[in-house]
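Have a look at the structure below, then the notes.
Every number here is computed from the coordinates shown, using simple stated rules; none is lab data. All of these numbers come straight from a predicted model, not from anything done at the bench. Please note: Cβ atoms are built from the backbone with ideal geometry, for glycine as well, and neighbour counts cover all protein chains shown.
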Amino acid sequence: MKSGQSRGSGRFGTGLAPVAVPMAVMLTIGLWGLDRGGMWGDESVTFQVAQRTVPQIWRLLHDVDAVHGLYYLFMHAVLTVHPSEVVLRLPSVCAATATAGLVAALGVRLAGPRVGLGAGVLYAITPMTGHYAQEGRSYALVAAGVAGATLQLLRAVDAGGARAWWPYGTVVALTCVLHELAVPVLGAHAVTLALLRVPRRVWSDWGRAAGAAALLVLPLVWVSQGQAGQVAWLVPPGWDRVGRLARNFSPGPAGPVFWGALLLMAVGLRERRTAAVALPLLLVPPGILMTVSQVRPLYHDRYVLYALAGASLLAAAGAGRVARALGRVRFDGRRMRGGAGRCGPCWASPECSPSPSPS
């Protein structure tokens, strides 16, 4: 798969700006009003559990919240520095900031700096991103892990060789252990490889990396199955949840912004390289969880926050395609006007050319 870095190299170049600007935007949004003077239910659980000793947390996980075990241990180390509401949420802010940069890096790799910049900024300004960037739970960290794993997937495909898959396998395994409902991203990556038509050797390397990650997360899945009563409040999602997720994945939940974003995503499907990565990431994880949830409810919008990166990439690719089309129309118009001024009414025609002077 060839990189799209050479496309749209303009004033943005191939430097740090396409990645740094979305990160700065996301960091500003994440820090704005971070201290709300109170925690909601799940955040207070994180705060209380993370302040226990490691042996106490380990014993707790045998009975409840095994799915959040790695996150609680991580937050235990964070809150050791200073237990406060702001510090509780800072890891999510940092993770969302990193995700905005990673989404931008994906866009740069797939379609060039302008698309990367647009994708990163779109991700940062989407309200759903800002909400979970300021929540003391694991969802923003999972989104960062999935974006990082997707970038490593592309790098491994381009680099070739078994050693190139170690970073991918490591990141995807840690992400799935951080929250087991990140596992459907492996299905999205499989669809991406199929759309890219990679050779059999790449499938073999990816299969080993994905299989190792799945084996690592199996004990967690086994333990959490015995704690399924914790999500008994979930119900099978219907089409109304599909519509709600679509609104959550848009920079605006209704009106021209929402419909404009959908239109740009549709146009973005014409960018085959970007669509091969973004569309499976957008559709496969929510599709898997919603389908499984018809039998055993497991679906909630926050569990697929990481799929939002696919929507941002598609919309930015569509915007880039529209901008290029408008640029060509503008350029052609100027060229025609300029040509008419240079040639004049007569000199453009061979019949009106001056006769050669007699010898």
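Just a few scattered comments:
- Span-like helix criteria (full DSSP H runs; alpha carbon extent of at least 24 Å along the helix axis; mean Kyte-Doolittle hydropathy of at least 0.5) are satisfied in the chain by 85-111, 139-159, 200-225, 272-292.
- Cβ crowding within 10 Å averaged over residues, with 219-230, 302-313, 170-181 ranked highest first: 302-313, 170-181, 219-230
- Cα-based shape type of segment 132-282, given that a ≥ b ≥ c are square roots of the gyration tensor eigenvalues and the cut on a/c is 1.5: oblate
- Theoretical gain in end-to-end length, VAL257 to SER84 [0.36 nm per residue, Cα-Cα removed]: 58.6 nm
- Between LEU60 and ALA77, the simple spin-label model (points 7 angstrom out along Cα→Cβ) gives 1.8 nm.
- Placing +1 on the Cβ of every Lys and Arg and -1 on the Cβ of every Asp and Glu, with no other charges, gives the chain a dipole of roughly 1520 debye about its Cα centre.
- Packing rank of 112-123, 25-36, where each peptide gets the mean count of other beta carbons within 10 Å, highest leading: 112-123, 25-36
- Note on mean projected area of the Cα convex hull in nm²: of the candidates [x] 16.7; [y] 17.6; [z] 25.7, the value calculated from this structure sits at [z].
- Extension reserve of the ASP158-VAL292 stretch, reckoned as 0.36 nm per residue once the Cα distance is removed: 44.9 nm
- FRET efficiency for ALA20 and TRP239, using Cβ-Cβ distance with R0 set to 45 Å, rounded to 0.05: 0.70
- Theoretical ellipticity at 222 nm over the chain - DSSP helices of four or more residues, -39500 (n - 2.57) apiece, nearest 500: -23500 deg cm²/dmol
- Gyration tensor verdict on segment 66-214 (Cα atoms; rounded if a/c is under 1.5, prolate if a/b is larger than b/c, oblate otherwise): oblate
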